[in-house]
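Following: one structure in structure tokens, then a few remarks.
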Ligand code: 6PG
């Protein structure tokens, strides 16, 4: 497992850097296997990245889009992660609709929809124990949550399936489980804003457990972990260099 921590001057620079890394991983995956699988993050931070991806020329038929988590709302709901990514990116490019695999939220039963998406992944990836996404994009909340893996919730302990039901203040959400995220080839955290500093300090510099700061549970089994922070979020971090390969910019 390789870890990189990069602190970029500001959010536009973070997004530019993320674009370069994502484009490199997409090209690499397609060159190697003829297909690239990417799981998208929700929230606000990745939206400008999706807007920049909409400007790129990519072999769209070889790119398959999934979501790492979803609020349990209809696809057209303003809070939908699917809706955000479609408006910012997927509606703007000629990607085949069959390459877009949103998390279902129409069964009125989150457990049923979680099981359905689990089956979707198993059907797509074949029945290997843990499908390995080429890219998993993640954000981090100011409480250290990622995807819809929130502090002190049962979802953090699920290790026998791909998709589970998380919950935020009682609101259900569908989410990748920790082992599914950790099976990925490339995991990118995109974290911006001063309000993330405290959680980052806990994750990088303390023995806080992952139950309190779930992003701490994300460590790829065999892949590469990229933490991309803007200075507002990360300039007080002095990571243990032994943990992180570099603070400068590794060539992906
Ligand atoms: C979601 C996301 C969630 C998000 C963090 C950070 O569905 O909201 O998956 O995990 O990444 O809450 O959100 P921001 O990028 O808006 O700070």
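Here are a few things to note about the model shown:
- Pairwise Cα separations in the chain fall into 5 Å bins from 0 onward with the following percentages, short to long: 1, 6, 14, 20, 21, 18, 12, 6, 1, 0.
- For region 63-114, average projected area of the Cα convex hull in nm²: 3.7
- Space enclosed by the convex hull of the alpha-carbon atoms of region 110-183, per residue, Å³: 84
- The equivalent ellipsoid that matches the C-alpha gyration tensor of region 60-202 spans semi-axes of 22, 18, 17 angstrom, in descending order.
- For the peptides 152-160, 17-25, 176-184, the ranking by packing is 176-184, 17-25, 152-160, with the highest mean count of neighbouring Cβ atoms within 10 Å listed first.
- Value of relative contact order over the chain, rounded to a whole percent, pairs C-alpha under 8 Å and six or more apart: 27
- Computed [θ] at 222 nm, helices only, for the chain once each DSSP H run of length n ≥ 4 contributes -39500 (n - 2.57): -8500 deg cm²/dmol
- Per residue, the convex hull spanned by the Cα atoms of region 1-52 measures out at 103 cubic angstrom.
- 10 Å-binned pair-distance histogram of region 8-119 (Cα, whole percent): 14, 44, 32, 10, 0
- Its relative contact order, with pairs defined as Cα atoms under 8 Å and 6+ residues apart, puts region 101-155 at 15 percent.
- For region 150-202, the square roots of the Cα gyration tensor eigenvalues, ordered a ≥ b ≥ c, give a/c of at least 1.5 with a/b no greater than b/c, which places it in the oblate category.
Read-outs throughout are calculated quantities, based only on the coordinates presented, and are distinct from any laboratory measurement. None of the values given here were measured: they were computed from a predicted structure. Reconstructed Cβ throughout: ideal geometry from the backbone, glycine too, with neighbour counts over all protein chains shown.
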